[in-house]
Structure formats: C-alpha cells, structure tokens
Amino acid sequence: MFVTSVVGARPQFVKLAPVHAALVARGHEHRIVHTGQHYDSDLSERFFEEFEIPSPDVNLGVGSSSHGRQTAAMMIGLEEHLQNGPCDWVLVYGDTNSTLAGVVVASKLGMAIAHLEAGLRSFNRAMPEELNRVAADHLSDLLLAPTDNAVSHLTREGLEDRTVLVGDVMADVCLATRDCILASKPVSVDEPFLVATIHRQENTDDPARLSALVRLLATAPMTVRLFAHPRLQARLDAISPSPLADAENIEVHAPLGYRELISTLLASDGVMTDSGGLQKEAFLLERPCLTLRDETEWPETLLGGWNRLLGEGASIPLGFPRADLERVTARPFGDGRAALRVVTELEQHDGE
Ligand code: UD1
C-alpha cells in the first residue's frame with residue numbers, strides 16, 4: 001500500500017511519528033508531504049529529528065500569511081505533488097490549514113482520503129480549526145475517530161458509514177514517552193510550578209484578551225513557566241506597556257521538544273493552556289489542568305475534574321492546582337496502540 005501523509009504544523013509531526021513507524025513496520029510505502037506551515041526549527045525540524053521521522057519527501061515551504069493566502073499556496077503546491085507516483089491513501093491529520101488544503105485538493109483529484117482525529121467538535125464556528133475539521137470530515141472517505149464522542153458527532157452528521165474508532169495516536173506517543181522517561185531516571189522535584197501555553201488565535205490576537213490572560217496567569221499561586229509559541233511571543237512583544245511587566249511569577253521560555261515537554265509536565269504541579277494536545281497530556285499524566293477557553297474538543301479530559309474550562313473573565317479556582325482528584329480508570333483515548341489500528345483500517349478499506 002502507498003500512503004501519502006500531508007502534515008504542516010507541530011502537533012501533526014507528533015501524530016506522524018507513530019503512524020510512520022506502524023506503516024513501515026507493516027511494509028507499506030510512506031511518502032511525507034510537509035506544507036511548510038510551521039518552519040521554525042523549534043516547531044518543525046526538531047520533531048523530525050527527535051522522533052527519527054525521515055525528512056519530508058517534499059516541503060512546499062508556504063510559511064505564514066492570512067488563512068486564505070496560506071491555504072491557497074498549499075493547494076497549489078499539493079495539486080502539483082500529490083499526483084506524483086502511486087498513492088492508495090492521502091492521510092490528513094487534525095484540524096489545521098494544511099489538513100484543509102490536503103482534503104480539498106485530494107478530493108478534487110479523486111484520491112482516497114483518510115482523516116486522522118476525525119469527529120472532534122468545539123461547536124464554535126469562530127475558530128478556524130472548527131471550520132477545517134468540519135470540511136475535512138465531510139470530504140474524507142475514511143474517518144479515523146479518536147474517541148467515542150468523536151464517533152457520536154460523526155454519526156449525528158450522517159457520516160457513520162465512513163467512521164471507525166481507532167483511539168488517539170497522541171496518547172500512543174505520550175504514554176510511550178512517559179514510560180521511557182520514568183524508566184530512565186526519577187523525575188526531579190524542583191520548586192512547584194505550572195506549565196502554561198497560549199497560542200490560539202482567539203486568545204493571542206486581541207491585545208485586551210491576551211493581557212487579561214497574562215494577568216490571570218499572574219494570579220497563580222506559584223511560578224508559571226510559559227512556553228511561548230512564536231505567535232504568542234510576537235503578540236506579547238507588540239503590547240506596550242508589556243502585560244508581563246508586573247507578572248513576577250511568569251517565566252517566558254522557548255517552546256520545548258516533545259520529550260522535554262513530557263519531562264517538564266511530570267515535574268510540574270499543573271497546567272494552564274489553550275492547546276488541545278496539552279489538555280490530553282495533562283490528563284494522561286494526571287496533572288490538573290485549566291483550559292483557557294469556553295469549550296473543549298476533548299470533553300473526556302473534564303472527567304473527575306482533571307480539566308476545567310476557564311472562559312473569559314473567570315478566575316483560578318481556589319486551591320488549584322492542589323486538588324483531591326480521584327484517579328480516572330477509564331481510558332477514553334485508547335490503549336496506546338491507535339497507530340497500529342490506523343494502519344489496519346487503511347489496509348482493510350484500501351481500494352473500496
Ligand atoms: C496552527 C493551527 C492550530 C494548531 C497549531 C499548533 C491552523 C488554522 N491552526 O496554529 O490548529 O493548534 O498550528 O501549533 O492551521 N509562526 C512562526 N514560525 C512558525 C510558524 C508560525 O513564527 O514556524 C508564527 C507566524 O507569526 C504566524 C503565526 O505564528 O503568522 C501563526 O502560525 P499559523 O501556522 O498560522 O497558526 P498556528 O497559530 O501555529
């Protein structure tokens with residue numbers, strides 16, 4: 001079987017790692033097309049090196065611009081490259097503009113498309129990711145859903161015939177990395193701290209909203225290590241006076257590699273984030289999380305109170321991150337073998 005993965009943004013490289021390994025282990029040909037949506041080494045190259053994923057066969061190098069321009073540039077490049085060589089499946093990942101470009105081009109070329117992480121919904125159409133997800137699900141031929149909730153959304157939209165539950169490949173990576181870290185050295189206990197990230201357009205691009213979020217982090221009862229996506233760094237730099245000026249407990253750091261991130265989460269006391277991936281990682285690693293949004297695509301993380309939504313104007317709940325949270329025994333993100341199931345489904349539906 002010949003599979004072409006279309007990827008472009010940081011979380012997609014994490015998902016690509018177990019999928020690539022599983023495809024190769026089963027003897028399939030795997031071609032990687034990188035749109036170039038993320039191009040900083042910290043967000044891109046470092047993940048290929050860390051996970052030992054081969055360099056992309058093609059990098060379209062589109063870079064950053066408005067949604068329309070960026071997606072259009074990807075589409076032009078993808079139309080040229082997707083048709084090169086045999087291809088049984090075009091595999092797209094998640095909800096980014098790279099995914100949208102991939103499904104629009106591949107569907108018009110009549111190619112079979114599988115959407116990994118299908119069926120997530122925030123029900124907030126103001127989010128670019130929500131628009132991308134809905135379009136990707138409805139244009140794809142095989143919907144690889146990570147959770148029961150995702151299956152329910154797809155069923156409600158009339159897509160159940162194309163849907164299979166495979167589990168979450170990000171859980172595969174997270175659990176394997178955790179086990180590897182815990183087997184190699186004890187987690188160092190330093191001063192108490194929280195891990196924080198902010199990168200969603202709706203949080204970064206309105207200076208008043210971003211300043212309010214920084215003030216919120218400043219009310220945390222301990223040091224906050226804020227790992228800044230370049231978009232966040234640029235937006236913070238543009239606000240004068242800086243909202244960080246009075247925030248003595250906030251340390252701003254460069255983004256982390258994957259293993260470093262998991263080690264840091266294991267050493268931390270809790271998480272404050274607007275990232276979907278980090279909400280899940282906090283849940284899987286049993287760190288209490290506050291999500292800096294009004295809704296989440298991963299409602300499973302709310303189980304047992306491990307994740308709580310902190311919409312606009314809300315304050316940090318009393319006692320956070322200390323909390324007597326009960327261990328969740330359910331495994332809503334699967335058993336850490338989702339990537340193998342992805343490959344099995346691609347094999348079974350090949351040529352349909
Ligand atoms: C994108 C995805 C989002 C995903 C996130 C993961 C879309 C619509 N959004 O958001 O779903 O959660 O990736 O990180 O596809 N920039 C750099 N260097 C880079 C890349 C970006 O400096 O390598 C800066 C640029 O100023 C750019 C901004 O970040 O304009 C936003 O980048 P973009 O790729 O548009 O979206 P993300 O915020 O990264």
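The values are calculated or read from the model by the stated rules, or taken from the named source; none is laboratory data. Quantities reported herein were computed from a predicted structural model and do not represent experimental measurements. Cβ sites come from the backbone with ideal geometry, for glycine too, and all protein chains shown count toward neighbours. When the accessible area is computed, the model is the full protein with side chains, heavy atoms only, and any ligands, DNA or RNA have been set aside. Shrake-Rupley method; radii C 1.70, N 1.55, O 1.52, S 1.80 Å.
Give the residue that is farthest from ALA234 (Cα to Cα), with candidates limited to residues of segment 253-267 that are outside any helix (DSSP H, G or I) and open to solvent by 10 Å² or more (accessible area, probe 1.4 Å).
From segment 253-267, those outside any helix (DSSP H, G or I) are 253-257; that's our starting set.
If we keep only those that are open to solvent by 10 Å² or more (accessible area, probe 1.4 Å) too, we end up with 253-256.
Details: HIS253: 13, ALA254: 12, PRO255: 14, LEU256: 17 Å.
Among residues in segment 253-267 that are outside any helix (DSSP H, G or I) and open to solvent by 10 Å² or more (accessible area, probe 1.4 Å), the one farthest from ALA234 (Cα to Cα) is LEU256.
List, please: which pairs have Cβ atoms under 9 Å, are six or more places apart or on different chains, and start with a residue in segment 200-217 that is within 12 Å of ILE250 (Cβ to Cβ) and end with one that is open to solvent by less than 40 Å² (accessible area, probe 1.4 Å) and among the acidic types (Asp, Glu)?
LEU213/ASP274
Residues being of a type in the set (Phe, Trp, Tyr) and in contact (Cβ under 8 Å) with a residue 40 or more places away in the chain: count how many of those fall in segment 43-58. Reasoning before the result, please.
Within segment 43-58, the first condition is being of a type in the set (Phe, Trp, Tyr), and the residues that meet it are 47-48, 51.
Still in the running and in contact (Cβ under 8 Å) with a residue 40 or more places away in the chain: 47, 51.
So the count comes out to 2.
Hey, ALA17 hits all of (1) open to solvent by 60 Å² or more (accessible area, probe 1.4 Å); (2) more than 12 Å from the ligand (Cβ to nearest atom); (3) small (Gly, Ala, Ser) but one; which does it fall short on?
Of (1) open to solvent by 60 Å² or more (accessible area, probe 1.4 Å); (2) more than 12 Å from the ligand (Cβ to nearest atom); (3) small (Gly, Ala, Ser), only one is false for ALA17: (1).
Of all residues in segment 1-14 being open to solvent by 10 Å² or more (accessible area, probe 1.4 Å) and away from the ligand (no atom under 11 Å from the Cβ), which is farthest from SER98 (Cα to Cα)?
If we filter segment 1-14 for residues that are open to solvent by 10 Å² or more (accessible area, probe 1.4 Å), which is where we start, we get 1-2, 10-11.
Still in the running and away from the ligand (no atom under 11 Å from the Cβ): 1-2.
Working: MET1: 23, PHE2: 20 Å.
That would be MET1.
Select, from LEU175, LEU217, LEU210, the only residue that is surrounded by 13 or more Cβ atoms within 10 Å (Cβ to Cβ) and under 28 Å from PRO18 (Cα atoms). Don't jump to the end; show me each part of the working.
Numbers: LEU217 fails: under 28 Å from PRO18 (Cα atoms); LEU210 fails: under 28 Å from PRO18 (Cα atoms).
Only one candidate passes the filter, namely LEU175.
What is the residue count in segment 261-272 for residues that are closer than 18 Å to PHE320 by Cβ and touching an Asp or Glu at 6+ places or on another chain (Cβ under 9 Å)?
Of the residues in segment 261-272, the ones closer than 18 Å to PHE320 by Cβ are 265, 267-272.
This time we only want the ones that are touching an Asp or Glu at 6+ places or on another chain (Cβ under 9 Å), so: 265, 267, 271.
Counting residues in segment 261-272 that are closer than 18 Å to PHE320 by Cβ and touching an Asp or Glu at 6+ places or on another chain (Cβ under 9 Å) gives 3.
How many of the residues in segment 74-99 are more than 15 Å from the chain's Cα centre (by Cα) and within 11 Å of the ligand (Cβ to nearest atom)? Write out each step before concluding.
Step one: of segment 74-99, the residues more than 15 Å from the chain's Cα centre (by Cα) are 74-91.
Subsequent filtering for residues that are within 11 Å of the ligand (Cβ to nearest atom) retains 74.
The qualifying residues number 1.
When the residues of segment 275-325 are narrowed to those that are within 16 Å of the ligand (Cβ to nearest atom) and part of a loop (DSSP other than H, G, I, E, B), which ends up surrounded by the most Cβ atoms within 10 Å (Cβ to Cβ)?
Here the answer is GLU297.
Looking at (1) modelled with pLDDT under 95; (2) over 21 Å from SER65 (Cα atoms), which one does MET127 not meet, given that it meets all the others?
Among (1) modelled with pLDDT under 95; (2) over 21 Å from SER65 (Cα atoms), the lone unmet condition for MET127 is (2).
Looking at LEU194, LEU142, can you tell me which residue is away from the ligand (no atom under 16 Å from the Cβ) and under 29 Å from ALA238 (Cα atoms)?
Values: LEU142 fails: under 29 Å from ALA238 (Cα atoms).
Only one candidate qualifies: LEU194.
Return yes or no: is THR204 in contact with a Phe, Trp or Tyr (Cβ under 6 Å, 6 or more places away or on another chain) and either within 16 Å of the ligand (Cβ to nearest atom) or modelled with pLDDT under 95 (or both)? Reasoning before the result, please.
Numbers: in contact with a Phe, Trp or Tyr (Cβ under 6 Å, 6 or more places away or on another chain): no; either within 16 Å of the ligand (Cβ to nearest atom) or modelled with pLDDT under 95 (or both): yes.
The answer is no for THR204.
Note down all Cβ pairs under 8 Å where the first residue falls in segment 13-42 and is among the acidic types (Asp, Glu), the second is more than 16 Å from the ligand (Cβ to nearest atom) and open to solvent by 60 Å² or more (accessible area, probe 1.4 Å), and they're at least six residues apart or on different chains.
GLU29/PHE2; GLU29/PRO86
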